[in-house]
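Q: Quick one: the structure is below, questions incoming.
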Amino acid sequence: MGTKRVAAIDCGTNSVRLLIADISGDDLTDVERRMEIVRLGQDVDRTGRLAPEALERTFTAMRGYAKLIREHSPDDPVPVRVVATSATRDAANRADFVSGVRDIFGVEPEVVTGDEEARLSFTGATRGLARAGAAAETPYLVVDIGGGSTEFVVGSRSVEGALSVDIGCVRLTERHLRDDPPGAETVEAAVADIEAAMDRVEGSVPVRTARTLVGLAGSVTTVAGIALGLPAYDRARTHHSRIPAERVHEVSARLLRMTHDERAAIPVMHPGRVDVIGAGALILDRIVRRYGFSEVVVSEHDILDGIAWSLTT
């Protein structure tokens, strides 16, 4: 079977990411993997609209990505898929986003449903998991903690149930955790939001059948980096690491007690996550507590990889 080069772009509430990959059979090899914090979902929960400055930050990052795609495929244009998630689903002016993306990449962005987002995340997270020996027990519960939403997906070889709920690190920070550090009452309000969302999840997804918790996206990988005591962010170290529940609880509580400057000084912390990592860690912590998992298996492969795999079918 020949090798196919593809380009996947994931535009979420907090970040826009690029993966240029070579795919052959069941092997996906990175050519380029980039991430920019653009905060596209800035204030969208309050205003219902994408802010002009947020759109421009996003388009600037995307123009750089389009240049990289051209550089890696000078003679034979590669298939490109642009997937947009929570922030653009919620925005009244999403047509401005769609036209801007079309101008940059020459393809229509797909503002996917929460269910499709969940399926892509599951594929990206689990395609290489069994072969890596990182998690033997199925079904998996895959949780993708984004900026505006979190996806809950249960499955073994395929998806058995999925739901996207409107709790994410940016959304919860803007709703509740605005103080530095947040007070006990605001943390309790955020917890109540998370628990209400998980009530909805349990109504439609068989989460209690899952045997392995797989955590995705920047909040989870940052918590993993802190828990592992890494001197700098290292994808190779965090990918398929196992973080005990006790460490998740400790790191979450610690982050919620810290000031902005203290969080910024953590070696693995991306500058764009400093303001929202407390909320992201809290979501992960509540999931671990509610469902009684002894650990979380961390995956650096997520919806972005799922988008890339979808270009081979």
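Q: From zero up to wherever the largest Cα-Cα distance of the chain sits, split into 20 Å bins and tell me the percent of pairs in each.
A: For the chain, the pair-distance distribution reads 35, 60, 5.
Q: Then there is this: Sum up the charges of everything whose Cβ sits under 10 Å from the Cβ of F105, counting Lys and Arg as +1 and Asp and Glu as -1, but leave F105 out.
A: Overall, the nearby charge balance is +1.
Q: Quick one: which residues, 5 or more positions from G161 or on another chain, have an amide H under 5 Å from its amide H? H modelled 1.01 Å from N in the peptide plane, none for Pro or chain starts.
A: V154
Q: If I take the Cα coordinates of region 117-213 and project them onto the principal axes, what are the three extents in Å, biggest first?
A: 44, 27, 21
Q: Jot down the radius of gyration and Dmax of region 37-138, Cα atoms only, both in angstrom.
A: 16.5, 46
Q: More than 24 angstrom separation, counting every C-alpha pair in region 162-313; what % is that?
A: 32
Q: What net charge is computed for the residues neighbouring V78, neighbours being all others with C-beta under 12 Å from the C-beta of V78, Lys and Arg scored +1, Asp and Glu -1?
A: -1
Q: Further question on the same structure: Given labels modelled 7 Å from the Cα in the Cβ direction, how far is it in nm from R235 to T313?
A: 2.3
Q: At a Förster radius of 41 Å, what calculated FRET efficiency corresponds to the Cβ-Cβ distance of R34 and E185, to the nearest 0.05?
A: With R0 = 41 Å, the Cβ-Cβ based efficiency is 0.55.
Q: Could you work out how far the C-alpha centroid of region 229-291 sits from that of region 40-97, in angstrom?
A: One Cα centre to the other: 27 Å.
Q: Could I ask something else about it? Compute the relative contact order of region 91-243 as a whole-number percentage, counting only Cα pairs closer than 8 Å that sit 6 or more residues apart in sequence.
A: 23 percent.
Q: Considering only protein heavy atoms, what is the solvent-accessible area of H72 at a probe of 1.4 Å, reported in Å² to the nearest 10?
A: 50
Q: Sum up the charges of everything whose Cβ sits under 10 Å from the Cβ of I266, counting Lys and Arg as +1 and Asp and Glu as -1, but leave I266 out.
A: It works out to a net charge of +2.
Q: Using a 1.4 Å probe over the heavy atoms of the protein chains, calculate the carbon and sulfur portion of the accessible area of the chain as a whole percent.
A: 47
Q: Let me ask another. Tell me, what is the per residue accessible area of the chain in Å², probe radius 1.4 Å?
A: That works out to 41 Å² per residue.
The values are calculated or read from the model by the stated rules, or taken from the named source; none is laboratory data. The shown structure was predicted, so the numbers you read here are calculated from the model rather than taken from an experiment. Every residue, glycine among them, receives a Cβ derived from its backbone with ideal geometry; neighbour counts consider all protein chains shown. Surface accessibility is based on the protein's heavy atoms, side chains included, excluding ligands, DNA and RNA. Shrake-Rupley method; radii C 1.70, N 1.55, O 1.52, S 1.80 Å.
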